[in-house]
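What follows is a set of notes on a single structure, which appears directly below.
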Amino acid sequence: MFKIITAALLASFLSIALADEIKGRVVSVADADTITVLDAANTQHKIRFEGIDAPEKGQDYGTKATEALKAAIGGNPVRVVTTERDKYGREVGTVFAGDRNLNSWLVENGWAWHYKKYSTDAKLAELETKARAARVGLWADSKAPIAPWDFRSLQKQQRAVKQGDAVPLGYWLNTSSKSRHNSTCRYYKNTSKGRTCEKDEGKACGICGG
């Protein structure tokens, strides 16, 4: 029993030791989940907020979420506890402005999703559920914007179609308007009522052509 407890404690201490801390000021806010921090050694660190995903530039609420983060930082220095580096070379971690955990704050105030694909954080999941129920931030509208990971996937498909690449399309029928949206459309699987359908069902969307 003693050995098991000791091993658990050792693993805990190692995880703390492996976490790096960055302190500095924010010199750039790309969007509500990516910032650049300049430390005391004049080194820039591109930071990706861990466990969350915020609206992309050009996406509904993208600008509002970014402005909300800027206001929350308010020109104050930040502290970042990083845990890894992602495939884009960004340092991934939790960002603090004073005692405020900005990762949690963004989800709590409805400016970001809990990124469940990469995070099992029960607290972030709970905060998103409460934000949805309270209809704050991007949840204020009856139909929230498409999730950013789906938005990125649609953009990728749209680029492939424009370049003439063969892309298998899916189809979605808005059962209220009877409009058919293909998988390059922002409304694909993003209507209050709908279902997957065949390419000849309903009427073609005026944006994507169905």
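Readers should treat all values here as calculations from the given coordinates under stated rules, not as data from a laboratory. Note that the structure is predicted; figures quoted are calculated from it, not measured. Methodologically, a virtual Cβ is constructed for each residue, glycine included, from the backbone with ideal geometry; neighbour enumeration extends over all protein chains shown.
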Legend entry - Evaluated over region 148-204, the Cα radius of gyration and Dmax, each in Å: 11.4, 33
Legend entry - Top positive-direction residue, dipole computed over the chain with Cβ charges, set Val27, Tyr188, Val37: Tyr188
Legend entry - Charged-residue dipole, Cβ positions (Lys, Arg, Asp, Glu), region 88-183 about Cα centre, Debye nearest 20: 420 debye
Inset, instruction - Springs between alpha-carbon atoms under 10 Å, Gaussian network over the chain: tell me which of Gln44, Gln155, Gln163 tops the mean-square fluctuations. - result: Gln163
Inset, instruction - May I ask you to list the lysines whose Cα is less than 26 Å away from that of Lys193, ignoring any residue fewer than eight positions away on the same chain? - result: Lys116, Lys117, Lys130, Lys143, Lys156, Lys178, Lys203
Legend entry - Relative contact order computed over the chain (Cα-Cα under 8 Å; 6+ residues apart), in percent: 14 percent
Legend entry - Alpha-carbon centroid distance for the pair region 136-196 / region 64-82, whole angstrom: 30 Å
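Arranged by the count of other C-beta atoms within 10 angstrom, fewest first, what order do Lys203, Lys162 take?
Values: Lys203 12, Lys162 9.
Starting with the residue having the fewest Cβ neighbours, the order is Lys162, Lys203.
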Inset, instruction - Within 10 Å of each residue's Cβ, count the other Cβ atoms and sort Asp53, Asp33, Asp60 from fewest upward. - result: Asp60, Asp53, Asp33
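Dipole magnitude of the chain about its Cα centre, charges +1 at Lys/Arg Cβ and -1 at Asp/Glu Cβ only, in debye to the nearest 20?
Working: 32 positive and 24 negative charges, 121 e Å.
For the chain, the charge dipole is close to 580 debye.
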Legend entry - the chain: Rg to Rh, with Rh as the Kirkwood radius over Cα pairs: 1.07
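Using just the helices of the chain, give the 222 nm mean residue ellipticity in deg cm²/dmol: DSSP H runs with n ≥ 4 each add -39,500 (n - 2.57), and the total is spread over all residues, rounded to 500. Display every interim value, and only then the final one.
Values: 5 runs with 64 residues, N = 210.
Taken over the chain, the calculation gives -9500 deg cm²/dmol.
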Legend entry - Taking Trp149, Trp111, Trp172 and counting other C-beta atoms within 10 Å, the order from fewest to most: Trp149, Trp172, Trp111
Inset, instruction - Please report, in debye to the nearest 20, how large the charge dipole of region 148-204 is about its Cα centre when each Lys and Arg carries +1 at its beta carbon and each Asp and Glu carries -1 there. - result: 200 debye
